[in-house]
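Read-outs: derived from the displayed coordinates by stated rules, not from any lab. Remember, it's a predicted structure, so these values are computed and weren't measured experimentally. Heads up, the Cβs are rebuilt from the backbone with ideal geometry, glycines too, and the neighbour counts pull from every protein chain shown.
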Amino acid sequence: MMIVTCHSLWWSPKPGEPDVIMGVANDKSRIGNPAGSRTRCRGFSGSEGAGDDRGGVNQGGGDQRGILMSTATWPDDRRITIRDLQEATDRGERWSMLTSYDAITAAVFEEAGVRALLVGDTSAQMVLGHPDTLPVTMDQLITMVQAVVRGTRTALVVADLPFGSYQSGPQAALANAVRHLKEGGAHAVKLEGGRRVVPQVQALVGAGIPVMGHLGLTPQSVNVLGGVRRVQGRGEAGDELLADARALERAGVFAVVLESVPAELGRRVSEALRVPTVGIGAGPYCDAQILVWQDMAGLTAGRLPRFVKRYANLRDVLAAAARRYAEEVAGQRYPDPDHSYA
Ligand code: KIV
């Protein structure tokens, strides 16, 4: 049986050293923001903006294309916090997230400079072989959160609240978010929805739990969306999404994932919010990006959504290795003397 657990198919049915960080000057740096506290980027296009003097301001200056070269250092001796992410955004630096569901990939991604990892409910598909995100449970996610936390030293680990764990209200949301932090060791949680989940967000934030919102394509609503291949927020629906994003920010989220929305809407929301937007299929104007790691690395098969860029072809690499191994065992060439104890 070939299990195709592709995010896209589901859509259709050392740390340690100072980093050189590439970032595109944030549109937020050029606009007024509702909170009134958006920092202007220094060093962009030679301008010295009117930002505040918090640490880590870009020292590097811009190049001809408006790309920031920052020498700001991300922490090496402690976990990245939501404040670090906000400060990076305030500096106009772009940062990245990936999903991760196990200790080994988590360590690899952290070493590669991915600042935050999401133990997403996409694990239902990527790890457990389900057709959508709905079946994964708190217990299953907590086991994966524990592994990702064990595998990392500095990355911020965000744990998804799965379908059914928060929809009934603030109390359920709080109980399950507390489990993610207490049992899993997560540093933040994510939930889907806009104005309708504001009471849940307020309860969690009030209890000291950092919350990431998720708008646009919200896969836990697959059954009302009638499939999850659609771009969300086209036309007037964009105003609704923007209102949701503002409501989430007012409720205290530290970031908002925008999934499968037009790039122009990604820009509008990113300009309107002070907190970082984390895009997945939301265009180039978001403050950060996230991808499902198996899609990013080319491990998943089949048609991928337009926004996915495959940075490797791990599926072919892994298949070739497994094929050679099977052939060598069948041909009695493995194990050879070099791989046997005398
Ligand atoms: O669960 C997940 O992996 C997600 C990302 C697609 C953002 O929510």
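Quickly rank 298-307, 97-106 as a protection proxy: mean count of other C-beta atoms within 10 Å, highest first.
Numbers: 298-307: 17.2, 97-106: 22.2.
Averaged packing, sorted descending, gives the order 97-106, 298-307.
If r is the Cβ-Cβ distance from ALA301 to ALA243 and R0 is 35 Å, what FRET efficiency results, to the nearest 0.05?
0.40
State the volume of the convex hull built on the alpha-carbon positions of segment 77-311, expressed per residue in Å³ and rounded to an integer.
115
Based on the Cβ-Cβ distance from ARG274 to ALA319, what FRET efficiency comes out when R0 is 45 Å, to the nearest 0.05?
0.50
Going highest first, how would you order 326-337, 121-132 by mean Cβ packing within 10 Å?
Order by mean packing, descending: 121-132, 326-337.
When the chain is fully extended, how far beyond the present Cα-Cα distance does GLU328 get from ARG310, taking 0.36 nm per residue of separation? Intermediate results must be reported in sequence, preceding the final value.
Numbers: separation 18, 0.36 × 18 = 6.48 nm, distance 2.99 nm.
Extra length from GLU328 to ARG310 when fully extended: 3.5 nm.
What distance in nm separates the simple spin-label points at GLU183 and TYR341, each placed 7 Å from Cα in the Cβ direction?
Inter-label distance under the simple model: 3.9 nm.
PRE reach from GLU264 (point 7 Å along Cα→Cβ): which of segment 229-250 fall under 18 Å by backbone N?
231-243
Where Lys and Arg each count +1 and Asp and Glu each count -1, what net charge lies around ASP121 among other residues with Cβ under 10 Å from its Cβ?
-2
Considering the zone a paramagnetic label at ARG83 would reach in this model (a point 7 Å from Cα along the Cα-to-Cβ line), which residues of segment 268-300 have amide N under 18 Å from it?
In segment 268-300, the label zone of ARG83 (backbone N under 18 Å from the point 7 Å along Cα→Cβ) covers 275-276.
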